[in-house]
Each structure stands twice: as C-alpha cells, then as structure tokens.
Amino acid sequence: MAVRVFIDSVDSYAGKVVSKLISNSVPGATLADIDDASEGSQADYNRNESKENTYEVIGTLKVEGAKKPNWVKEIVSESKQEDLFSALKSCDIIVYNISEDPSLVDQASWAVSALHAEIESFTRMKTFICISNAMTWARTRPIDLDDPEVPFTEDDYRRRKPHQNYKAEISLEKLVVKLGKTNKELFSTFIIMSGMLYGCGESLFHYLFKAAWLNHPYLQCYGNGQNVIPTIHVKDLASIILNVMDGNPRVKYIIAVDDSQSTLEEIVRAVSINLGSGKVKNVTKEEAISDKNIEKADFDKLLVSLRMESTTAKDLNVEWVAETGLVDNIEGVIREYKEERKLFPLRMFVFGPPAVGKSTIVEQLCKHYKLHHIKMTEVIQDAISELERSAARADIENEDEEDDQRAQEDQELLEALQENREQNNGRYDDQFVVRFFRQKLKSMPCQNQGFIIDGYPKLYSQAQELFASEEDEDDTEENLPEYDASIMPEFIISLDASDDFLKNRVINLPEKEVHGSHNTEEGLIRRLARYRAENTEDETVLNYFDELEIHPEHFDVTDDDSPKALNTVKAIIKLIGEPRNYGPTAEELEEIKRREEEEKELREAQEKIEREEKEAREAEERAIRQTEWKQRLDEVRKQEKELIDTRSIPLRNYLMKHVMPTLSEGLIECCKSRPDDPVDFLAEYLLQNNPVID
C-alpha cells in the first residue's frame, strides 16, 4: 500500500521542490547507512525520474485554478473543509509550510487540532510536519553576551523570541509540539525551523539576482550588511523533510540551516561579482523601505541577524546540495537560477555585404530580444576608453600593487596600440580587435542577456581566432574544432542582395545620410569589391560556422520593400522564437500602455474627424437634393395649375351661359321672400323658370 503524503501549496516556490523530491523517493530510502551506501545509490532518491513504490503526493494549490504538477497524484480544494479534512485523514504524513505564506497558520492550526481529535480512529501512525522559519527566533538574546558568535542549536528552542509579526507562528509551533506528546505511537509531530531559502530560481533573494542579471550599476545592501542570515538551499530543506518522514527522529524541533554564517553584505557581493557589475552600495533602512522591488516581510527577513547551527541535520542521511552555503556555492546557484527562470543568453551573428541593412535589422532585433548590439567601432572605442581610465591611475600613488601593475600594463598596451595604428593607416591588427571583442563578449551583460555581432568577423581566419577555445572544451562534439561555447553564436544570419540592388539603394539615400559617411557610390563600389573578394563560393567566413554544424540562415532582402526591412526582421524573429528574458519592465509596460493609449486617442480622433466630414458631406448632399426636389416640386405644381386652369375654361363658360343667370335670379327672389324652406323654394323656382322647358 502506497504511503500517502499531503503537502500544502504544491505550486509554491518551496512546495514544488519538496513535493517533487518526495514523489520520486521510495519510503525508507534515506535510512540506508551513509557509510555503506554507494555514491550512485545515495543520489538515487534525489533524481527526478519516476520509480515504483514511491511516496504518493496529494496537496493543495496556492493559486486557484493553476495547473496540477504532473508528479502530484491529486489536488484537494481548500474551499471545502470537509473534503480537505477527509484528504488529511487519508494520508500518513501531513506537511504544512508556513515559512512562505503566513496566511496558512490558521489552516495548519486547524489541521493539526482536527487530526489530534481523531487519534482514537487511527489504525496506524500519522506524522504532522510543520515548516517554520527563523523569524520565530528573531529577537532571541545571545547565549553568551560576551561571545555573540556562539550559534543557537535545537537545545535552545525554548529560549526563542519571535519577531513582533511572527507571534502567531510561534504559537502554532508550541501547539504542534504539545499535540505530538499525547500519543506518540499514533500521532507524531515535528517542527522544522528553516533558514532563509535560496536556489531553484530564488524567492527571498530574487530581487538581488534579477537586478544583477539586468545589469544594474550596483546591488543594494540594506543597512551596514553585517547581520548574519541563516540560510539553506531549498533542495536541502526538502532532503531534511524526507529524512524526517523516513526516520521519525527523536528530536521534535529541528533547525534546518547550512554551515555558512554569511552576512547580508557577503551574499549581496557574491551575487554582484558572479552575476552583475561586481559593485555593492549600502543604503539606509529608511531608503530600503521605499524600494518597490521588495515587500516589507522580505525586508524584515533580510535584516534578521542570527547565528544558528543544525546538530540534528548532521545525523541525518542528507544528500547536501549546498552544505557550505550560498556564497561558497554561488556558481551552481546562479546556474539553477538561470535554468529555472529560463534566462538563457541569445547569441547571434549577422553577416552580409555593405549597405545591405545589417545595422538597421540588428537594432530592431536587439530591441525585440533585449540584446546587446556589438559593433566594431563601439567595441574598440569602449576598450580604448577603459584602457585610458586604467592607465591614468599609473601616475597616482596606489597602495594596491596589483592595481598599480595593471595600470602600468594598460599604459604599455595603449602605447602599442598607438604605434600599431600609425603603421596600419588608422587601423588595428586583428590580434587587438579580437582581444577587444572577446573582452566584450565575455562581459557579464553579454553573458547574461546575449548579443548580436554586427558584421565582424569578416574573414575565416578572424572567426577562428575570435571563437577559439582558451581551454579544453568538454562540450564540443567529437571530430569538431574546439571553440569557446560561451561566446559562440547560436544563430548565423546571412543577408543576401545583388550588387545592382545595393548600388541603387545607396544612390537613393537622402543626402543627409550620405554626407560625411562611407555610403557614397564610390565608397560602396570599393567596399563591395573587397567583400566579394573575401567571400567567394569556396572561401567565406560562413564556412567556419558550417564546419561547426552551426549552419547559416540566408535571407534575401532584395524583395523586401517594407520600412526598415520589417518583413525580414519578422522572418528572423519567426526563426529564432520567443525572447529569453524577464519580458517588459514595469516602466516599459507603462510606456507601452501610454503609447497604446496615445495611438487609440489618435485613432479615435481621426475616426471622429472622418465621421464628421462624412456627416457634413452627407448633410450637404442632402440639402442639395432637397433643394433640387423642392424646385422640381414647384415646377410640377405650376404645370398642374396651368393644366387645371386650361381645362377649367369651357366649364366656366358653360355654367355662365346656362346655369348662372337662372340661379342668380332664383337666389335674389329667395333673399327677397325669405321662405321657411329656402332650398325647396329655390328648387321650385328653378323648375318653374327653367329656360329649356320654355
């Protein structure tokens, strides 16, 4: 029968790592004698591949509706307490982690109390493990006031005093320990006090790693940075939890920290040196509080100062990932961070004849992918400027002998460069150019985000020298030339165009773009002839990449008449795929939103103008049609009147001749007589005086 384990928030930072390790571990695997276990078998339970008879993990989700991790057997909803409790009762081991999410304190308290109330119904032992954090020790007095460097151990847990915001957590700790003493054969409880977590993409220290990766000028260190932060790699915490599940140790309160006693400044400096600019700036606590990149709870954790030592963890069969701490294992932690966050550098080389539009296309690609545009002139200028700054220190007294020696060497290099340039008509030998390019490509910004090299190297020999391996490369495939994988482009883009197309493009350039540049017709012909001579069908720099099986992708720009070769840019983006970075920053999102709103307002204003113009045209046309219709109607009425008048002339004459005389006389007689029935009188009169009868 599978051993069922409940883990809350399996989609959280620590929840993912803990649940994944446990789901791929066989119950009891950590109980093997560490002295007898081989290296392979010892690491066996820490692999990600699935095995038979492993722990069966069920759990809850921190984000409602999030996708269930594929290593989790079942997801339980927190909204229905009855269903949640039924799931808890079905499990042999229950793990609640309150170190990441303080809102789980109440749920964990309810869970341990409800399970304790059901002890009598248990048919076998259940284990409840609560993961707490070092903030429950934040205000604990040193063991020895004369020697504050003496670390706390599990024996001192009764002396612990919490940070003012972590009183609920320490109350839960006490409750868990208390309920575990009632019936140890059926209900065993543990508190694992975790150090500040790092590794696997980062959580608390993510703001540091992100700022360093984004090439901030310096990393901020809060306060004086001399506070000692207890830490542990999240995988090592997971391994300790697994050992507790397997071994049910005698000690019920376990401190889970690594062996480091690193200060905040040491951690910040290690991240800065290995991922960023290498610079650190101390800021006051008041300045730090206003930093939007860090929450108040995390800020409190970064300012805690505790020296702690785990004695119980040393007796467990823990397969340590970073036993000596974050600083000593910084390279591996950075590698995990990049892999987990999918922050892989994107490296490209764009090649093509002069005037084909390399720089225009590269600028758009760099903007889209947030890469560094590597141009020969800028690389040389930046390198010489740096040499000049360094050489200027040669005349200044400096206590640092190493720094002084470097300044002297840079001064000598500057002199050699000046001499070389004078001998080569203003150009530098390839050895210097390659040296500057390698320095640029090896720089931390290029190694973090990546780069696009614009037009250099131009020759096969230059490519060989630039990308040559400085040491033996284990990653290069057999029978392939050795190369420096850290700077070798992944994508080789060749822009193709005919000579006639290039000449017409230069001829049609605006005068302001041509003036003072080499984009003249004569200059193009000269440069184009050199390019064709250096890149024949049999010999071209592209052959170097072909031999390494990094095959160039060719794009013909001859038929691309879009602005700034946008169609070619889109085709290259389709080839390369999605960016490998954090995406737009908050400022960039705000700028995008602002630009979209402006475009929307402009579009709406244009639509309003067009609508008003259309309505005005329609009103004018309607008025013209109404005027024309009125004129036609008046004309019709006039014609009808004339027709009626013309037709009415014979009728009038008839009446005047035959009716009106007798009728008029009858009316006159009627008026004179004024009979009671004038109509009868008039009728009788007309009948008697009808001239036709006479």
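Among rounded, prolate and oblate, which fits region 313-452 when a ≥ b ≥ c are the square roots of the eigenvalues of its C-alpha gyration tensor, a/c under 1.5 means rounded, and a/b larger than b/c means prolate?
oblate
Give the percent of DSSP beta bridges with both residues in the chain that are antiparallel, rounded to the nearest 5.
In the chain, DSSP labels about 0 percent of beta bridges as antiparallel.
Which label marks the calculated value of Rg/Rh (Cα atoms, Kirkwood Rh), given the options (1) 0.98; (2) 1.01; (3) 1.33?
From the options (1) 0.98; (2) 1.01; (3) 1.33, the structure gives (3).
Please report the Cα spread of region 146-265 along all three principal axes, rounded to whole Å, starting with the longest.
The Cα atoms of region 146-265 stretch 58, 37, 26 Å along the principal axes, largest first.
Could you work out the mean projected area of the convex hull around the alpha carbons of region 66-167, in square nanometres to one decimal?
Averaged projected hull area, Cα only: 9.4 nm².
Going 7 Å from the Cα of Lys296 toward and past its Cβ, which residues in region 92-124 have a backbone nitrogen under 20 Å from where you end up?
Residues 99-106 qualify, since their backbone N sits under 20 Å from the label point.
Specify, per residue and in Å³, the volume enclosed by the convex hull of the alpha carbon atoms belonging to region 83-232.
143 Å³
May I ask which of Lys178/Lys235; Lys89/Lys252; Lys89/Lys167; Lys62/Lys235; Lys16/Lys210 have a Cα-Cα span longer than 24 Å here?
From Lys178/Lys235; Lys89/Lys252; Lys89/Lys167; Lys62/Lys235; Lys16/Lys210, over 24 Å: Lys178/Lys235; Lys89/Lys167.
Reachable lysines from Lys638, Cα under 24 Å, same-chain residues fewer than 8 places away excluded?
The qualifying lysines are Lys630.
To the nearest whole percent, what portion of all C-alpha pairs in region 586-652 is separated by more than 15 angstrom?
74 percent
So what's the convex hull volume per residue for the Cα atoms of region 97-146, in Å³? Walk me through the intermediate numbers first.
Details: hull volume 5.6 nm³, N = 50.
Residue-normalised Cα hull volume stands at 112 Å³.
Of the listed pairs Lys367/Lys600; Lys67/Lys161; Lys442/Lys503, which have alpha-carbon separations greater than 28 Å here?
Where the Cα-Cα span goes over 28 Å, the pairs concerned are Lys67/Lys161; Lys442/Lys503.
What percent of all Cα-Cα pairs in region 4-341 falls in each 10 Å bin, counting up from 0?
5, 25, 34, 25, 9, 1, 0
With the contact rule set at Cα under 8 Å and sequence spacing of 6 or more, what percent relative contact order holds for the chain? List each step's numbers first, then the result.
Working: 978 pairs, mean separation 70.3, N = 694.
Worked out over the chain, it gives 10 percent.
Could you order the peptides 561-574, 307-320, 185-198 from most to least packed, using the average number of other C-beta atoms within 10 Å per residue?
Packing order, densest peptide first, comes out as 185-198, 307-320, 561-574.
No lab work stands behind these numbers, since they all come straight from the coordinates. Please read all numbers here as calculations on a predicted model, not as lab measurements. Reconstructed Cβ throughout: ideal geometry from the backbone, glycine too, with neighbour counts over all protein chains shown.
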